[in-house]
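See structure below.
The values are calculated or read from the model by the stated rules, or taken from the named source; none is laboratory data. Computed from a prediction, not measured in an experiment: that's the story for all the values here. When we count neighbours, we look across all protein chains shown, and the Cβ atoms used for this are built from the backbone with ideal geometry, even at glycine.
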């Protein structure tokens, strides 16, 4: 298994070596994806909070986010711990929305446009919410309310996630794979490399 952590700073892409692996955490709803890694301070390595980073596993991108924190690890000045979050982090912002006759996917697109978030595939939810007033709520809560209303009306559950830098919405039925998960196929969801 090979992996690569890339950090972009002012047009330059850096590939810092990591110590003790990389940890990525995802939750089903209400939380952004989180990457934590200890990188070695090598000559020429320069980055700051807000810089984008991507993590690839066996040549396939699995995480794209932005560095929110960097700190020296303990007493070792040559190791920097970075914490990055995917763009779902920005759904923690609060705002007020009033809308009529919008589907949950249209609500997500409206919020993404307003906050300049990258959008990937948003599966049509097929149910229009008559009207909603969402006053000073987190964007996560506004979206979850639209998804909950859709679930009550249609019986269909949808999942919003960040697919390597693009907001993605899929129905559970669209996420099925032809695999039986048993003791031999299960893996630790906390990927440590």
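Data overview
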| item | result |
| --- | --- |
| Positions within region 114-131 being touching a residue at least 24 places away in the same chain (Cβ under 8 Å), more than 27 Å from residue 85 (Cβ to Cβ) and either touching a helix residue (DSSP H, G or I) at 6+ places or on another chain (Cβ under 6 Å) or not in a loop (DSSP other than H, G, I, E, B) (or both), in sequence order | 127, 128, 129, 130, 131 |
| Positions within region 38-47 being over 25 Å from residue 89 (Cα atoms) and part of a loop (DSSP other than H, G, I, E, B), in sequence order | 41, 42, 43, 44, 45 |
| Test result for residue 151, surrounded by fewer than 19 Cβ atoms within 10 Å (Cβ to Cβ), outside the structural domain of residue 54 (by TED's automatic domain parsing) and either under 22 Å from the mean Cα position of the chain (by Cα) or assigned to a helix (DSSP H, G or I) (or both) | yes |
| Residue, surrounded by the most Cβ atoms within 10 Å (Cβ to Cβ), within region 25-42, restricted to residues that are over 10 Å from the mean Cα position of the chain (by Cα) and touching a residue at least 60 places away in the same chain (Cβ under 8 Å) | 30 |
| Cross-chain or 6+ apart pairs with Cβ under 8 Å, region 2-17 first and under 13 Å from residue 62 (Cα atoms), then part of a loop (DSSP other than H, G, I, E, B) | 2/58; 2/59; 3/58; 3/193; 4/15; 5/15; 5/16; 6/15 |
| Pick from region 1-22, criterion more than 16 Å from residue 80 (Cα to Cα) and outside any strand (DSSP E or B), ranking: modelled with the highest pLDDT | 10 |
| Of the criteria (1) surrounded by fewer than 13 Cβ atoms within 10 Å (Cβ to Cβ); (2) touching a helix residue (DSSP H, G or I) at 6+ places or on another chain (Cβ under 6 Å), which one residue 1 fails | (2) |
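Here's the yes/no breakdown for (1) in a strand (DSSP E or B); (2) in contact with a strand residue (DSSP E or B) (Cβ under 6 Å, 6 or more places away or on another chain); (3) not assigned by TED's automatic domain parsing to the domain that holds residue 130:
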{"position": "24", "(1), (2), (3)": "yes, yes, yes"}
{"position": "30", "(1), (2), (3)": "no, no, yes"}
{"position": "36", "(1), (2), (3)": "yes, yes, yes"}
{"position": "49", "(1), (2), (3)": "no, yes, yes"}
{"position": "53", "(1), (2), (3)": "yes, yes, yes"}
{"position": "70", "(1), (2), (3)": "yes, yes, yes"}
{"position": "79", "(1), (2), (3)": "yes, yes, yes"}
{"position": "95", "(1), (2), (3)": "yes, no, no"}
{"position": "110", "(1), (2), (3)": "no, no, no"}
